Amino acid sequence: MHRHPITSASSALGKPTDYPERYDPALLFTMPRAPQREALGIEGAPPFTGSDFWTAYEITWLDARGKPQLAVGRFEVPAASPRIVESKSLKLYLGSFASEKLDRRELARRVQSDLAKACDAAVTVELAPVTADLAAEPASPPGESLDDLELDADRYEPEPTLLEAAGPDVEETVHSALFRSRCPVTGQPDYGDVLVRYRGPRIDRSGLLRYLISYRRHPAFHESCVEQMFVDVLERCSPRELTVYARFLRRGGIEINPFRSNFEPAPRALERTVRQ
């Protein structure tokens with residue numbers, strides 16, 4: 001897959017970084033979606049809709065009396081947005097509120113406004129109390145796990161030819177916790193649970209699992225990985241309906257959960273998985 005150039009003189013990506021504690025929206029570093037989609041053969045309108053769901057666990061600021069406050073941030077960025085925000089820059093941006101005195105409502109308003117401007121799209125922002133998030137019972141992904149299948153695996157870069165489908169139409173949901181890719185900036189591993197829901201010719205499960213495993217050394221952002229999986233499954237297996245949903249583990253206090261589908265809306269409620 002094409003590796004989009006993502007560094008610039010104004011970016012903190014891949015560089016030693018000071019952590020500012022005064023509000024600075026200029027810390028947000030964005031990248032266009034179009035070049036990454038063009039590399040997948042997507043021209044014009046993509047064959048999916050969806051959202052990127054971000055959860056930020058390290059948000060702190062001061063109340064009017066100087067007492068630290070905490071929240072868990074939940075942000076929804078539509079897949080139709082022309083730009084995405086790089087996660088390290090989001091961490092630095094959120095950290096820049098650490099010494100700011102403001103109430104929760106004003107903080108949410110500022111974050112929503114800044115992210116909407118950066119992504120050039122409407123962005124939903126919710127700041128939840130930390131206690132409410134920690135009290136939530138983690139859930140297992142719906143459907144059947146592929147991870148107990150016995151198979152040989154030797155491909156560690158995305159290999160669409162591993163995908164096959166044949167026979168009568170089925171409707172099923174399967175998932176795997178064996179997914180791993182790599183950050184294209186730092187090379188650090190990114191782990192996640194991937195869910196595939198479809199209606200169409202039965203997809204060979206062993207081939208699907210080997211395909212998901214084949215991302216193990218692949219350098220790409222979470223959003224691009226999910227969109228490549230969607231495009232490959234759609235092209236190779238011809239399902240009439242398809243959803244690909246990845247729940248990545250947090251890194252730097254932030255997790256990203258891209259959802260892409262051609263038949264169902266993005267989930268309104270975001271439950272934590274057992275790994276998140």
If I model the range 133-276 as equal point scatterers sitting on the Cα atoms and use the Debye formula, what is log10 I(q)/I(0) at q = 0.09, 0.13, 0.21 Å⁻¹? -0.26, -0.54, -1.43
Sorted largest first, the Cα spans of the range 88-127 on the principal axes come out in Å as 28, 23, 13
Quick check: net charge around Glu144, other residues with Cβ under 15 Å of its Cβ, Lys/Arg +1 and Asp/Glu -1? -3
If the chain were replaced by its equivalent ellipsoid, with semi-axes equal to the square roots of 5 times the Cα gyration tensor eigenvalues, what would those be, largest first, whole Å? 34, 20, 17
In a Gaussian network model over the chain where Cα atoms closer than 10 Å are linked, find which of Arg65, Arg217, Arg250 has the largest mean-square fluctuation. Arg65
Assigning unit charges at the beta carbon (Lys, Arg +1; Asp, Glu -1) and nothing else, what dipole magnitude in debye, to the nearest 20, does the range 144-256 show about its Cα centre? 380
Whole percent per 10 Å bin, from 0 to the bin with the longest distance: what is P(r) over all C-alpha pairs of the range 121-211? 13, 33, 30, 18, 5
Assigning unit charges at the beta carbon (Lys, Arg +1; Asp, Glu -1) and nothing else, what dipole magnitude in debye, to the nearest 20, does the chain show about its Cα centre? 900
Rank Gln112, Pro68, Gln228 by how far each Cα sits towards the positive end of the charge dipole of the chain (+1 on Lys, Arg Cβ; -1 on Asp, Glu Cβ) and give me just the farthest. Pro68
Between Ala64 and Ser99, what FRET efficiency follows from the Cβ-Cβ distance if R0 is 22 Å, with the result rounded to 0.05? 0.95
Taking H as built 1.01 Å from N, whose amide H comes closer than 5 Å to the amide H of Asp190, not counting residues under 5 places away? Ser181, Arg182, Cys183
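Read-outs throughout are calculated quantities, based only on the coordinates presented, and are distinct from any laboratory measurement. What you see is a predicted model, and the numbers here were worked out from it, not measured in a lab. Glycine gets a Cβ as well: all are built from the backbone with ideal geometry, and neighbour counts include every protein chain shown.
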